[in-house]
């Protein structure tokens, strides 16, 4: 089931609020939650009651768009419909009698529970009569989950900070830690609440990561699509009387931008196949001279024309093996991605170095491929993160360099699929802001039997 955007926004706000919860006045927190629920769910009032059991202190959070005050009374708590809310798991519509108490026309309420124990309730209302929709029911259910966690956190905090609770045990000559059953329950509750706080933080990080991924993919796709639309509009308008030379130029633009979109989709598909271990490995004998020739032609014809940078590619392969048995498509994808990055991150009139040499991997014949460029560096703090899917460095974002953060994750996955290793080195240059960045691949000349069978 697709989660409505309003529910996602509310979840993020409540996660942030509960994660920062440290105030001894939990009633203030409840009022903030009530206000956020009202505005996000587009209702006119919200009432939250925390602590409905005999052993807990009842606390109230209330918000109304007209700044109306509300005082919790015994008659309100003892109303039959409040008992109905506490007895049911699903949201239920309440009567006009209760609605008038909160200065609205219609109410929807649900209980909150933590670890199968009811610990409160939440009621929302509107000043105009209406029938509550199913999506509003779902949004209230989502909100109740986080309100229940907040109530549980407050209850535990009260127990830990209540001197009378500890004094009663001390006066009997026994500390709480010496009562096995209570200690187990106490420790278990603390662990579970700690786990809930951890899950809240994980949820918040996932929400942030999801937003970063959507933004990165949208930015990467938006420019090619806009360029394609412009070229299509020009070609489809017969009144322009476009010369054949310009028509060919626009067709080339369409082909080029289509390739960009296609590469983006292929990268995401490849990443998914690597993670699900469904990618195919098809080794074949590859002549290094032919591979180098293809890379050089692609570099000169495509990358430099796209980037409009005065860059040169210098290839060294005098000490290289003559051939390698591996998957050609995967090897080309690896080298093209690393060369594309080298072009992206090179500054000024520089030379990109591509070197092939003999090497040994686990005492077996191997090939070492090194790609080096001069330009934007990678800080030490980010070196462990660059291979994470959708990760984009701070410097890349600040300089406005487009990308999705998928490329290096795919490269590392493909290198490991080919039975090889990859390492990155980045050193600052003297008297300049540039860095020398090198990616080094070590690939076996012949695939391991286990790899070729995958």
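The values are calculated or read from the model by the stated rules, or taken from the named source; none is laboratory data. Just so it is clear, the structure is predicted and the values come from calculations on it, not from any experiment. Positions of Cβ are backbone-derived with ideal geometry, glycine not excepted, and every protein chain shown enters the neighbour counts.
Might you let me know whether segment 42-55 holds any residue that is part of a helix (DSSP H, G or I) and free of Cβ contacts under 8 Å to residues at least 24 places away in the same chain?
The first filter runs over segment 42-55 and keeps only residues part of a helix (DSSP H, G or I), leaving none.
For segment 42-55, residues part of a helix (DSSP H, G or I) and free of Cβ contacts under 8 Å to residues at least 24 places away in the same chain: absent.
Could you tell me whether any residue of segment 104-118 is at pLDDT below 90 and part of a helix (DSSP H, G or I)?
No, segment 104-118 has no match at all.
Tally up the residues in segment 111-155 that are on the phi > 0 side of the Ramachandran plot and surrounded by fewer than 20 Cβ atoms within 10 Å (Cβ to Cβ), please. Outline the logic, then answer.
Step one: of segment 111-155, the residues on the phi > 0 side of the Ramachandran plot are 115-116, 120.
Among the residues that remain, those that are also surrounded by fewer than 20 Cβ atoms within 10 Å (Cβ to Cβ) are: 115-116.
Total meeting the criteria: 2.
Among the listed residues 379, 447, which satisfies the condition of being at pLDDT below 90 and either out of contact with any strand residue (DSSP E or B) (no Cβ under 7 Å at 6 or more places or on another chain) or surrounded by fewer than 18 Cβ atoms within 10 Å (Cβ to Cβ) (or both)? Let's see the steps before the verdict.
Numbers: 447 fails: either out of contact with any strand residue (DSSP E or B) (no Cβ under 7 Å at 6 or more places or on another chain) or surrounded by fewer than 18 Cβ atoms within 10 Å (Cβ to Cβ) (or both).
Sole residue among the options that is at pLDDT below 90 and either out of contact with any strand residue (DSSP E or B) (no Cβ under 7 Å at 6 or more places or on another chain) or surrounded by fewer than 18 Cβ atoms within 10 Å (Cβ to Cβ) (or both): 379.
Only one of 50, 103, 95 is under 38 Å from the mean Cα position of the chain (by Cα), in the same structural domain as residue 151 (by TED's automatic domain parsing) and surrounded by 12 or more Cβ atoms within 10 Å (Cβ to Cβ); which?
Working: 103 fails: under 38 Å from the mean Cα position of the chain (by Cα); 95 fails: under 38 Å from the mean Cα position of the chain (by Cα).
Only one candidate qualifies: 50.
I'd like the full set of residues that are within 17 Å of residue 325 (Cβ to Cβ) and either modelled with pLDDT under 85 or under 37 Å from the mean Cα position of the chain (by Cα) (or both), limited to segment 267-290. Before you say what the answer is, go through the steps one by one.
Kept after step one, since they are within 17 Å of residue 325 (Cβ to Cβ), are these residues of segment 267-290: 280-290.
Result: 280, 281, 282, 283.
If you take the residues of segment 249-266 that are over 23 Å from the mean Cα position of the chain (by Cα) and surrounded by 15 or more Cβ atoms within 10 Å (Cβ to Cβ), which of them is farthest from residue 387 (Cα to Cα)?
Of everything passing the filter in segment 249-266, 250 is farthest from residue 387 (Cα to Cα).
Is segment 66-84 home to any residue that is in a helix (DSSP H, G or I), within 38 Å of the chain's Cα centre (by Cα) and at pLDDT 90 or above? Walk me through how you get there before you give the answer.
Of the residues in segment 66-84, the ones in a helix (DSSP H, G or I) are 74-77, 80-84.
Checking the rest, the ones that are also within 38 Å of the chain's Cα centre (by Cα) come to none.
No: segment 66-84 contains no residue that is in a helix (DSSP H, G or I), within 38 Å of the chain's Cα centre (by Cα) and at pLDDT 90 or above.
In segment 85-99, what count of residues is obtained for those that are outside any helix (DSSP H, G or I) and over 19 Å from residue 143 (Cβ atoms)? Please lay out each step first, then the result.
Of all residues in segment 85-99, those outside any helix (DSSP H, G or I) come to 88-95.
So of that shortlist, the ones also over 19 Å from residue 143 (Cβ atoms) come out as 95.
Adding up the residues that qualify gives 1.
Take the residues of segment 312-333 that are crowded, with 19+ Cβ neighbours inside 10 Å and under 35 Å from the mean Cα position of the chain (by Cα): which is modelled with the lowest pLDDT?
333
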